[in-house]
Structure formats: C-alpha cells, structure tokens
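Student: The following block contains the structure, expressed as structure tokens.
The values are calculated or read from the model by the stated rules, or taken from the named source; none is laboratory data. Bear in mind that the values here come from a model prediction, so they are computed numbers and not experimental data. Backbone-built Cβ (ideal geometry, glycine too); neighbour counts: all protein chains shown. The protein model used for the area step is the full one, side chains on, heavy atoms only, and it has no ligands, DNA or RNA in it. Shrake-Rupley method; radii C 1.70, N 1.55, O 1.52, S 1.80 Å.
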Amino acid sequence: MTNPRKGGSEPACCLKIRGDADAPVRNFYLEAGATYVVGSATDAEIRLPVAGVSRHHARLEMLEDGGAVIEDLGSRNGTWVGERRVRRAAVAGGERLSFGSLPADLVVLDPALAGIAITAGRSIAGPRMPDRSNPSTLGLSIEERLTRSLGPLLRRRSTGGVAVAQELVAAWLAELPIERMEILRDQPGDEVLAAAGGSAVDRPADSETALGGWRFRFWGPIAPRTAQLRPVLELAGELLSVDDVRPRDDAPEAVTLPSPASLSPDVRRLYRRVARVARGDVPILIRGESGSGKEVLASFIHRASPRHRGPFLALNCAALPRDLLEADLFGIERGVATGVDARQGLLERATGGTLFLDEIGDMAPETQAKVLRALEERQVYRVGGHAGIEVDVRFVAATHRDLEQRVEEGSFRQDLYHRLAAHVARIPPLRERREDVAQLAGHFFSRQLERARVASPGLTRGALGALCEYAWPGNIRELSLEIAQAVLLLDPGEPLGIEHLSERVRSALDLDAPPPLTLDAHLRRAERQAFGAALAAAGSDLARAIDQLGVSRATFYRKVKELGLATDS
C-alpha cells in the first residue's frame, strides 16, 4: 500500500461516506497523486469497519486533475460507479461510488476554499502534535521517545533553568497523555516552577515523585506509569539542576511578548511602552473592550516589573456583590459572622507583587473609598477588623467603560481615577488589528486540537478568510471560543472549513459595517490580511510565506515594511 501523505500536499478531493440515515457523514480528504486503500482492515488508509466491506475492498489512485482511478481488489460485494460494477475505472468528481452496499460521493474541492492556509502541525506557540509517522520513533515506548526528546535539551542546559524547564514541559506535552503536570523544588511551601496541561486541578495529584531535589506531580492517565518513567524523571532532574535555575535578585530576566506575538505595529508599540513604565511602581490603567487581552497585558506588566518574583493576583470587580468583593479584597476577621474564620484578602496576599483589578469601573463607591485609602496609606483593614495591616502592592486596573464620563456622572471617584491612571494603556480591539486574526486563529486551533485529541491537517483558506472578515465584537475571547466549538465539530483527519464556523461568522460580509470605498483602502486592507495570514502560517520560515503569497523576496520585505508588520527575523 502507498502512503497517502506526501509531505504537505493539500487535499484535492473529499470522499463522503454517507452510510445509514442516522449515521453521520464521514469525510476523508484525499491528496492529488496519492493512493488510498479502502477497506475494513486496520491497515487501510480509508477504514470502513462496516458489514459488506471487504478487508481490502478497493484502491483509489488520485489524479492531479481532481479525478481518480478506482480499482476493485477482489471484494466480495463489489465496487460500484453509479449503477455498474467495475473492476477498474476512471471516475470524476461528483460521481456516486459504492463499496458493497455502502454509498459514497467523490467531491472535488475548490482550491480557493479547501486549500490549507494554516497547518495544524505549525503551531504558533507551544509544542507541535507528535509525528506518529516518524520512522525513527515508530515502535518506541513513551519512555524511549521522552529520553530522545530530552537529550538535546540536556546538552543545552547552560541556557538557564527556567527556560529549559519550559522546553522540558513542551517536550513532555508532545508525548504524554497528561491532564496536568507540575514541577516543584522538593521543599515545603515552594511554588510551582513549571506546569503543563490544563488549568489548575482542584483534586490532589494522582501521583507524585521526588527525585534529585525536584517533585513531579501528575494528574490523569499517565499517573499510574510514573514508576516506569523514573529514568526519564532522573534525566529531567539532571536537566533542571543547573546553577541558575533561579536567577539572582540583581540579574534581570528577559521579558518576552505574550505568545503568539502580535503582528500589529500598534500593539507591539503598546507593549514596548508599558514595558518601560513597568520598571517603575506607578499604577497603570488598561483601557480596552471586553475580551481584548487586558489581563494578558497586566500579566506582562507584572513580569516586566521589579516585582516579577512576587505574586500576580487578579480580581474581577464586576463578578461579585459589594460585601463579597470587599471580603476578597481586604480579608475578613474571625467571628464577623457565624462559622467565619479569619482569612487574608488579596491585598495582603499580593504584597511584594501586583494586584490586577479588572472592570474597576463597576466597583461600588463605598469600596472605591477603601481602595483609595489602601493606595494612599499602604495599609488595609480587614472586614470586621480595627488594626491596620501594612501592604506593598503595585496596582494595575482595567476597564471597558468610559471612566471620565463616570467621573462626571459622580459614579466613580475622581481622586481614585487620577491615582489609578498614572499611566493609561489602550488595547485596540481585534477589528482594528485584523492582521492578528490568522495568527491567533492558528494558535487557538493548535491548542484546541491537543485538548480535544483530534487530528486535523489545518485551517482552510475559506475558513481563514471568513475569520479575517468578521468584526469580532467579543474580540480575542470570542475568537478563541469560535475555534473551540469548530474543532469539536471536526471528523478525524478533517480540515476546519467554513462549514464548521458559526452562522454569525459565515455571514460576516453581511453583518460587518461596510469597508471604506476607496481603492487604496481596499487594497491596503486586503494586503494586511494576506500578509498577516501568510506570516502566521509560515512562522519563522519566511521563504514559505513568500512562496504562499507568490511575490518576490524584494516585494515581500518592501510590503512588510510598508504595512508595519513584524517578522521577528
């Protein structure tokens, strides 16, 4: 049998297996020039474990023009083209095929819509999905594959402990069926150095192993196998045991942009500016629409500040009623209510670090007064308490509301506004930075494939075009949720196409505000989207972006400069 994958070819046809009325349609995407065996056997490229389909039923040889040659392989119930049984025949797109009694349609894909624009294997950030077809790793156990993947990192151990630990996590993510993994120093009360997998898990770890001064916590299916992983964990411990795992207090850490880094010159300029302001201790107010990335920027400010070794704590001021908000923010004394124990508030716990107050514009006036006092006096009073508690916190606040208007209306304190807005940073909404849509879509797509454990060749040009045209009133958060729901609709091996997107995104051209009517405005908008999509798909391989755009190298670099896009090369 011929391997159907030729190294990056785009699907030319789709074989739609219809089955019974209650069965979902199964789609198999076929590449021009490839050969596929259809049958019920496990080694068939198009596996149809259905009664009436022989183990090796038929062979499909895909032609460059979108047609195919179909050959029966001695099946018991025959291979059919339309109403005639065939041994070998040429078929064109649109014809009805049958394997025994199982009907199928061969559909030619529109290259403009079905071509893969962003491949799933070219993740914008994080590890790629493991290549199971790599002959050098076939037949190897998880332990052996991990040992091989960690070897190059061990040779680069001098690059720094934290960075290497993150690469270690990425290497593990590509191989291990984990729900979550955490790496800590083997000492009481120490924080997690690195984590991988999903968000924090409420239940205790399913397995924990201590080796070489490090603790490895596991949740999920891999937990029972940690004893078998001991050689790999020992190698990981050796990898982590470098002199500069924790840089000295006087050694500044390199601050990188959040991943994926924006292509928008306005956003990159914003991050460079706040990185400079973060070196001081003045409060920062972040302005931006809901879902535009305000908390991501706040976290970046913390990492770029002298307080980066302290905690970063966040509180959504719009999510809680006033009493609960104040208890979370300032803490509470024991006995304030029946069964209530004393606990610290976020301001106490964030001492030495940064406190991020999201949606500050929705805070009640009484709470505003207490926050102002904490800003001015550097001390707080717990709910029900009478003794002041010293705090040392850097305030970063965010809002999507017009605080100046709220000050005029009297619903927000003017003195608090001026204290919080020592520096104002505005994040543009996603519709003003459409060159980032392709890059963000590729990032979320790769992440969701790994979470859902779904295989897909990538995003089609048609789907990417619809995503770039949509206005995204919910900004980056809406884009992330759109990709998440679309991935759940994919059949195995199916690219994410227009049909998987929600109706509101598919009808973007009807829903969006009309674009500018001048030719220059149309051209510039189209160029920014095309170049943004090409750069997102190519990653660091600029030659691939040049080839995809079909322009010369000189034109590529000239246009990138004119459009103000970043290539990071």
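Student: So, of the residues in the range 431-457 that are open to solvent by 20 Å² or more (accessible area, probe 1.4 Å) and among the aliphatic types (A, V, I, L, M), which turns out to be modelled with the highest pLDDT?
Tutor: Checked the range 431-457; the qualifying residue modelled with the highest pLDDT is 452.
Student: Let me ask something additional. Only one of (1) modelled with pLDDT of 90 or more; (2) farther than 26 Å from residue 411 by Cβ; (3) not aliphatic (A, V, I, L, M) is not met by residue 268, so which one is it?
Tutor: Checking residue 268 against (1) modelled with pLDDT of 90 or more; (2) farther than 26 Å from residue 411 by Cβ; (3) not aliphatic (A, V, I, L, M), the one that fails is (1).
Student: Now a separate question. With the requirement that a residue be open to solvent by 30 Å² or more (accessible area, probe 1.4 Å) and within 22 Å of residue 12 (Cβ to Cβ), what does the range 56-71 give you?
Tutor: 59, 61, 63, 64, 65, 71
Student: Right, another one. Identify, please: which residue in the range 490-524 is of a type in the set (A, V, I, L, M, F, W, C), in a loop (DSSP other than H, G, I, E, B) and at pLDDT below 90 and is, among those, least open to solvent (accessible area, probe 1.4 Å)?
Tutor: If we filter the range 490-524 for residues that are of a type in the set (A, V, I, L, M, F, W, C), which is where we start, we get 490, 496, 498, 501, 505, 508-509, 511, 513, 517, 519, 521, 523.
From what is left, the residues that are in a loop (DSSP other than H, G, I, E, B) are 490, 501, 513, 517.
This time we only want the ones that are at pLDDT below 90, so: 490, 513, 517.
Numbers: 490: 17, 513: 82, 517: 159 Å².
Applying the filter and picking the extreme gives 490.
Student: I would also like to ask the following. Please enumerate the residues belonging to the range 407-456 that are more than 20 Å from residue 394 (Cα to Cα) and basic (Lys, Arg).
Tutor: If the condition is that a residue be more than 20 Å from residue 394 (Cα to Cα) and basic (Lys, Arg), then 431, 433, 434, 447, 451, 453 are the ones that fit.
Student: Go through (1) among the aliphatic types (A, V, I, L, M); (2) within 20 Å of residue 380 (Cα to Cα); (3) more than 24 Å from the chain's Cα centre (by Cα) one by one and return the number of the condition residue 314 breaks.
Tutor: Checking residue 314 against (1) among the aliphatic types (A, V, I, L, M); (2) within 20 Å of residue 380 (Cα to Cα); (3) more than 24 Å from the chain's Cα centre (by Cα), the one that fails is (3).
Student: Scan the range 16-25 residue by residue and report those that are outside any loop (DSSP other than H, G, I, E, B) and either at pLDDT below 80 or open to solvent by 40 Å² or more (accessible area, probe 1.4 Å) (or both).
Tutor: 16
Student: Restricted to the range 530-556, and to residues that are in a loop (DSSP other than H, G, I, E, B) and modelled with pLDDT under 75, which residue is least open to solvent (accessible area, probe 1.4 Å)?
Tutor: 539
Student: Can you name every residue in the range 267-308 that is open to solvent by 30 Å² or more (accessible area, probe 1.4 Å) and either part of a strand (DSSP E or B) or touching a His at 6+ places or on another chain (Cβ under 8 Å) (or both)?
Tutor: Across the range 267-308, the qualifying residues are 277, 282, 287, 289, 290, 308.
Student: Suppose we filter the range 424-478 for residues that are among the polar types (S, T, N, Q) and over 17 Å from the mean Cα position of the chain (by Cα); how many remain?
Tutor: Of the range 424-478, the ones among the polar types (S, T, N, Q) are 439, 446, 448, 456, 460, 475.
Next cut, over 17 Å from the mean Cα position of the chain (by Cα) only: 460.
Looking only at that region, the number is 1.
Student: Test residue 482 against the criterion of being in contact with a His (Cβ under 9 Å, 6 or more places away or on another chain), more than 24 Å from residue 527 (Cα to Cα) and either at pLDDT 85 or above or not β-branched (Val, Ile, Thr) (or both), and give yes or no.
Tutor: Against the criterion (in contact with a His (Cβ under 9 Å, 6 or more places away or on another chain), more than 24 Å from residue 527 (Cα to Cα) and either at pLDDT 85 or above or not β-branched (Val, Ile, Thr) (or both)), residue 482 does not qualify.
Student: Return the residues of the range 5-15 that are assigned to a strand (DSSP E or B) and modelled with pLDDT under 85; say none if nothing qualifies.
Tutor: Here is the first cut: in the range 5-15, the ones assigned to a strand (DSSP E or B) are 11-15.
Selection gives 11, 12, 13, 14.
Student: Moving on. Select from the range 26-49 the residues that are open to solvent by 70 Å² or more (accessible area, probe 1.4 Å) and either assigned to a loop (DSSP other than H, G, I, E, B) or modelled with pLDDT under 60 (or both) and list them in ascending order.
Tutor: Within the range 26-49, 42, 43, 49 qualify.
Student: Mind telling me which of the residues 387, 342, 364 ends up being free of Cβ contacts under 8 Å to residues at least 12 places away in the same chain and either over 21 Å from residue 424 (Cα atoms) or open to solvent by 80 Å² or more (accessible area, probe 1.4 Å) (or both)?
Tutor: Only one candidate passes the filter, namely 387.
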